[in-house]
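J.: Below you will find the structure I want to go over with you.
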Amino acid sequence: MKENLVWDSLIHDVSLLPLPHRAHFIEKGWLAIRGPEILALGEGDPPPHPAKKRINGTGCVAMPGLINAHLHAPMALFRGLADDLPLKTWLEKHIFPAEEKWVNGEFVYWGTLLACAEMLRSGTTTFCDGYFFEDQAARAALQSGMRGLLAQGILDFPTPDSPSPHESIKRIKSFIRDYSGSDLIKPAIFAHTVYTCSPPLLQECRSLADRYGVPLITHLSETRSEVQEVMKKYGRRPLDHLENIGLLSSPLIACHCVWLTEEEMDLLARREVRVVHNPESNMKLASGVAPVPDLLARGVAVGLGTDGCVSNNNLDLFQEMDSAAKLHKVHRLDPTVMPSQTVLEMATLGGARVLGMEKEIGSLEAGKKADVIVLELNRPHLQPVYNLVSHLVYSATGADVRDVIIDGKPVMENRKLLTLDEEEILGKAGEWGRKIRPISDCRFRIAD
Ligand SMILES: [Zn+2]
């Protein structure tokens, strides 16, 4: 510790959970921040040292900011547009047409701001996004102060931001070039799925990702019908197909991975494919239950994601953790699977591993980035505390988060967002909502 320099922030008289395990819980401690990093943390009273900002954590716990490892942030503006429908009808009759009609740069910008406001207010400090007009998502993310792995999307057919895959490739290249030096935003490539991206397109994405040293992200084996469709088209299951065309030659971030055989799980582990589990989206779309306990047993890196707001319908990772733990217990008829600390690890260190950021984030350790959230514990649903990790997974919600610090900078204090104009964002969300579905179309809409 460099004693001669003033600390930027000191959180004192706070409980600490630096790592996602109850053995690491510190009932009363302190955490010092200088610049973007955690300088030191410890038990008891802090050493006497000048700090520009002192945050009193009495009655609170400070823990690592949560990591949402898969979503489509701008789709926050489509929240609740269509629910409780068969997947094909939902996608083809509602979501795709709405995207075709409404998605443009402004939509992505305001949708991402709305998503960032929601994520900050529920304790998420890093998110991994995949969508179109990703430069506008990056603009919004930077404004919010959030950390992000942002991936420009590509498919075989025209998308809202590109008339052809060729144009999408150009967009990917310029996006990567523009954000390669950014501290908070890391660029990536989002190849939608194996059934919407041809083998040559996927191979081009693979070589671009390798050339620029950025992650490649895709949806994989989300539904049974996807597996059937890929089998019919290529004579192989989706993962086998990716292996066959050389896509697994370097690490891939695969979202969902619901329909896997034992051999595929072995292959995922061997190829060090990183997996994102999205339990609420999988439940809501009745896609199935991903074999997460089996993947974890094989040492596969698994993070937790919400997926987009159209299939969830919120971005609260505390709720997602609760669902993740309970889904696997009921599915296996075994209350011992997916214990709370495993789930909390997925939402912190696991997510960091998936995004390739485990050296920077995911836990509170000296030298790591200061991405810290402070939760109020003096609340009826969080007392008494026998095991804090259990409370975080089974009792807490995003609304219990009081303060958020990202990269050493306070972005929410006493539940007030410091980087974003929440009133303006909510006003714009309302405007988009009225445009997308005029009030005359909605019998039960509350007029505002
Ligand atoms: Zn998705």
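J.: Identify all residues within segment 221-252 that are of a type in the set (A, V, I, L, M, F, W, C), touching a helix residue (DSSP H, G or I) at 6+ places or on another chain (Cβ under 8 Å) and free of Cβ contacts under 8 Å to residues at least 40 places away in the same chain; write none if there are none. It would help to see each step written out before you state the result.
T.: Step one: filter segment 221-252 for residues of a type in the set (A, V, I, L, M, F, W, C), giving 227, 230-231, 239, 242, 245, 247-248, 252.
Next, only the ones that are touching a helix residue (DSSP H, G or I) at 6+ places or on another chain (Cβ under 8 Å) stay: 227, 230, 239, 242, 245, 247-248, 252.
Answer for segment 221-252, where residues must be of a type in the set (A, V, I, L, M, F, W, C), touching a helix residue (DSSP H, G or I) at 6+ places or on another chain (Cβ under 8 Å) and free of Cβ contacts under 8 Å to residues at least 40 places away in the same chain: Val227, Val230, Leu239, Leu248, Leu252.
J.: Name the residue that is farthest from Cys205 (Cα to Cα), counting only residues in segment 232-266 that are surrounded by fewer than 20 Cβ atoms within 10 Å (Cβ to Cβ) and of a type in the set (Gly, Ala, Ser).
T.: In this case the residue turns out to be Gly235.
J.: Looking only at segment 3-42, which residues are in a loop (DSSP other than H, G, I, E, B) and either without any contact (Cβ under 8 Å) to a residue 12 or more places away in the chain or not charged (D, E, K, R) (or both)?
T.: Result: Asn4, Leu5, Val6, Leu17, Pro18, Leu19, Pro20, His21, Phe25, Gly35, Pro36.
J.: Considering each of Val230, Val214, Val194 in turn, give the residue that is of a type in the set (A, V, I, L, M, F, W, C) and assigned to a helix (DSSP H, G or I).
T.: Testing whether each residue is of a type in the set (A, V, I, L, M, F, W, C) and assigned to a helix (DSSP H, G or I) leaves just Val230.
J.: In addition: Contact list please: Cβ distance under 7 Å, first residue in segment 362-377 and farther than 18 Å from Arg54 by Cα, second residue acidic (Asp, Glu), pairs at least six apart or on different chains.
T.: Close Cβ pairs satisfying both conditions: Gly367/Glu37; Lys368/Glu37; Lys368/Glu360; Lys369/Glu37; Lys369/Glu360; Lys369/Asp407.
J.: Inspect segment 24-34 for any residue being surrounded by fewer than 19 Cβ atoms within 10 Å (Cβ to Cβ) and assigned by TED's automatic domain parsing to the domain that holds Pro215 and give the result as yes or no.
T.: No, segment 24-34 has no match at all.
J.: Now for a different question. If the Cβ limit is 7 Å and pairs must be 6+ apart or interchain, which residue in segment 57-86 that is aromatic (Phe, Trp, Tyr) pairs with which residue that is crowded, with 24+ Cβ neighbours inside 10 Å?
T.: Final answer for the pair search is Phe78/Cys309; Phe78/Val310.
J.: In this structure, does Val276 turn out to be buried (at least 24 other Cβ atoms within 10 Å of the Cβ), of a type outside the set (Lys, Arg) and within 12 Å of the ligand (Cβ to nearest atom)? Steps first, answer last, please.
T.: Details: buried (at least 24 other Cβ atoms within 10 Å of the Cβ): yes; of a type outside the set (Lys, Arg): yes; within 12 Å of the ligand (Cβ to nearest atom): yes.
For Val276, the condition - buried (at least 24 other Cβ atoms within 10 Å of the Cβ), of a type outside the set (Lys, Arg) and within 12 Å of the ligand (Cβ to nearest atom) - is met.
J.: Could you check, for segment 102-114, whether at least one of its residues is in a loop (DSSP other than H, G, I, E, B), buried (at least 18 other Cβ atoms within 10 Å of the Cβ) and of a type in the set (Val, Ile, Thr)?
T.: yes
J.: Here's another thing I want to ask about it. Checking Arg54 against (1) assigned by TED's automatic domain parsing to the domain that holds Met321; (2) surrounded by fewer than 17 Cβ atoms within 10 Å (Cβ to Cβ); (3) among the charged types (D, E, K, R), which single condition isn't satisfied?
T.: (1)
J.: Output the residues belonging to segment 279-306 that are within 16 Å of the ligand (Cβ to nearest atom) and surrounded by 20 or more Cβ atoms within 10 Å (Cβ to Cβ).
T.: Result: Pro279, Glu280, Ser281, Asn282, Leu285, Ser287, Ala290, Val302, Gly303, Leu304, Gly305, Thr306.
J.: Given the options Tyr195, Tyr234, Tyr212, name the one that is assigned by TED's automatic domain parsing to the domain that holds Leu71, within 22 Å of Pro86 (Cα to Cα) and either away from the ligand (no atom under 16 Å from the Cβ) or among the aromatic types (Phe, Trp, Tyr) (or both).
T.: Working: Tyr234 fails: within 22 Å of Pro86 (Cα to Cα); Tyr212 fails: within 22 Å of Pro86 (Cα to Cα).
Of Tyr195, Tyr234, Tyr212, the one residue that is assigned by TED's automatic domain parsing to the domain that holds Leu71, within 22 Å of Pro86 (Cα to Cα) and either away from the ligand (no atom under 16 Å from the Cβ) or among the aromatic types (Phe, Trp, Tyr) (or both) is Tyr195.
J.: Among (1) closer than 30 Å to Glu262 by Cβ; (2) assigned to a helix (DSSP H, G or I); (3) outside the structural domain of Leu142 (by TED's automatic domain parsing), there is one condition Met346 misses while meeting the rest; what is its number?
T.: (3)
J.: Of the conditions (1) on the phi < 0 side of the Ramachandran plot; (2) within 16 Å of the ligand (Cβ to nearest atom), Val337 fails just one. Which one is it?
T.: The one condition Val337 does not meet is (2).
J.: Related question: When you go through (1) out of contact with any strand residue (DSSP E or B) (no Cβ under 7 Å at 6 or more places or on another chain); (2) in the same structural domain as Thr397 (by TED's automatic domain parsing) one by one for Cys60, which number turns out not to apply?
T.: Only one criterion is unmet by Cys60, namely (1).
J.: Right, another one. Which condition breaks for Val273 when tested against (1) in the same structural domain as Ala98 (by TED's automatic domain parsing); (2) closer than 28 Å to Asn387 by Cβ; (3) under 18 Å from the mean Cα position of the chain (by Cα)?
T.: Only one criterion in (1) in the same structural domain as Ala98 (by TED's automatic domain parsing); (2) closer than 28 Å to Asn387 by Cβ; (3) under 18 Å from the mean Cα position of the chain (by Cα) is unmet by Val273, namely (2).
J.: Return yes or no: is Ser250 within 16 Å of the ligand (Cβ to nearest atom) and modelled with pLDDT under 95?
T.: no
J.: Sticking with this structure for a sec: Filter segment 285-300 down to the residues that are assigned to a helix (DSSP H, G or I) and among the charged types (D, E, K, R) and list them by number.
T.: Asp294
J.: Please pick out the residue among Asp45, Asp83 that is more than 16 Å from the ligand (Cβ to nearest atom), outside any helix (DSSP H, G or I), of a type in the set (Asp, Glu) and in the same structural domain as Ser311 (by TED's automatic domain parsing).
T.: Result of the check over Asp45, Asp83: Asp83.
The values are calculated or read from the model by the stated rules, or taken from the named source; none is laboratory data. This one's a predicted model, so the numbers in the text were calculated from it and none came from an experiment. For neighbour counting, all protein chains shown are included, and Cβ atoms are generated from backbone atoms with ideal geometry for every residue, glycine included.
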